[in-house]
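Each reported figure results from applying straightforward, stated rules to the coordinates on display, with no laboratory input. All figures in this text were calculated on a predicted structure; none of them were measured in a lab. For neighbour counting, all protein chains shown are included, and Cβ atoms are generated from backbone atoms with ideal geometry for every residue, glycine included.
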Amino acid sequence: MCPRYYDREMEDDNMCYPDIVQYAVGTAFALSIVENNHINITTMDTKGIETKKVFDYKSLIDYKPGEVVEKMVTFVKGGGVELKAADAGTDIAEHSVPYQATLYVLDGEAEVIIDDQVYNPHEGQLLVVPAYAKHSLHANKRFTVLLSVISA
């Protein structure tokens, strides 16, 4: 069973994020482009949200008091794309993964610590986290990010 903040459809495949990270090693990566609060998705045999459809990201994910909400957009062998909406005061604990990650801040401002250095990307900005780097996130204010993970 997946933790409460994972989507129910992910449970159908008995996969939670750690399993996806293990699964996401190898081939093609799905591309997501953000334009005017919409996500245009080009995918290849993926799981996540419906393909060949334009979405306003705000219709896919919403804040929940005191929580970090996650929504898988798409994943394939080699990578994945996920939305994260963090309520003010929430944290994503320090961790390290063998994948490069790109955070695109859709709204709000994040506090990201990478190898003990603090970054504060805000709406419209990108931050790349190197593979194997220790990193954590804190929400001084609410924020939503589009997280793209690529195998190193």
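Maximal additional length on extending the residue 119-residue 132 stretch stands at 2.9 nm, based on 0.36 nm per residue less the C-alpha distance. When only alpha carbons of segment 46-115 are considered, Rg and Dmax amount to 13.3, 38 Å.
Remark: segment 64-81, residue by residue, has Karplus-estimated 3J(HN,Hα) of 10, x, x, 10, 9, 9, 10, 9, 5, 8, 6, 8, 9, 4, x, x, x, 10 Hz, where x stands for each Gly or Pro and the curve is 6.51 cos²θ - 1.76 cosθ + 1.60 at θ = phi - 60°. For residue 86, neighbours were defined as the other residues whose beta-carbon sits under 13 Å from its Cβ, and their charges (Lys and Arg +1, Asp and Glu -1) total -4.
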